[in-house]
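*Asks:* Take a look at this one; I'll ask things after.
The values are calculated or read from the model by the stated rules, or taken from the named source; none is laboratory data. The structure presented is a predicted model; accordingly, all values stated were derived computationally and were not measured. Please note: Cβ atoms are built from the backbone with ideal geometry, for glycine as well, and neighbour counts cover all protein chains shown.
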């Protein structure tokens, strides 16, 4: 993969540091791949994020939406009350703690979250306020202009 050095841009621009930081993060190879996820469009303004969280229960997952960021965290809770642990010969199902952060566009809100068959589904909807939606302006006929009268004031 190609690497780009954005250092000259940091020196010669003012106010674009966040943009270049995002570019650096996007091109970094150290992005975590666990747990895998899908992002789907389910309608014109509806989306769904599906995260593979096999082995995690509802009480071990947390979803936080703050400003334009959606954070999904998972942390396994050790349970000593269960039957004694068996010796694991091969561990293919990862149950390590994770944190996934998604940047949401403006006016995107979380509507629902559900856990089924080892997949966490988070439903999102883009709700644009009426003031921000484009509106149709009707074109009227010729507007009557205000009539100007020149009357002399009586002295």
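*Asks:* If you check 54, 114, which single one turns out to be at pLDDT 90 or above and under 18 Å from residue 37 (Cβ atoms)?
*Replies:* Criteria check complete, one pass: 114.
*Asks:* While we're on this one: Could you check, for the range 68-75, whether at least one of its residues is at pLDDT below 95, exposed (fewer than 14 other Cβ atoms within 10 Å of the Cβ) and part of a helix (DSSP H, G or I)?
*Replies:* Checked against the condition, which is being at pLDDT below 95, exposed (fewer than 14 other Cβ atoms within 10 Å of the Cβ) and part of a helix (DSSP H, G or I), the range 68-75 yields no hits at all.
*Asks:* Also: Spot the failing condition for residue 129; the list is (1) more than 30 Å from residue 57 (Cβ to Cβ); (2) in contact with a strand residue (DSSP E or B) (Cβ under 7 Å, 6 or more places away or on another chain), and only one is missed.
*Replies:* Result: residue 129 fails condition (2) only.
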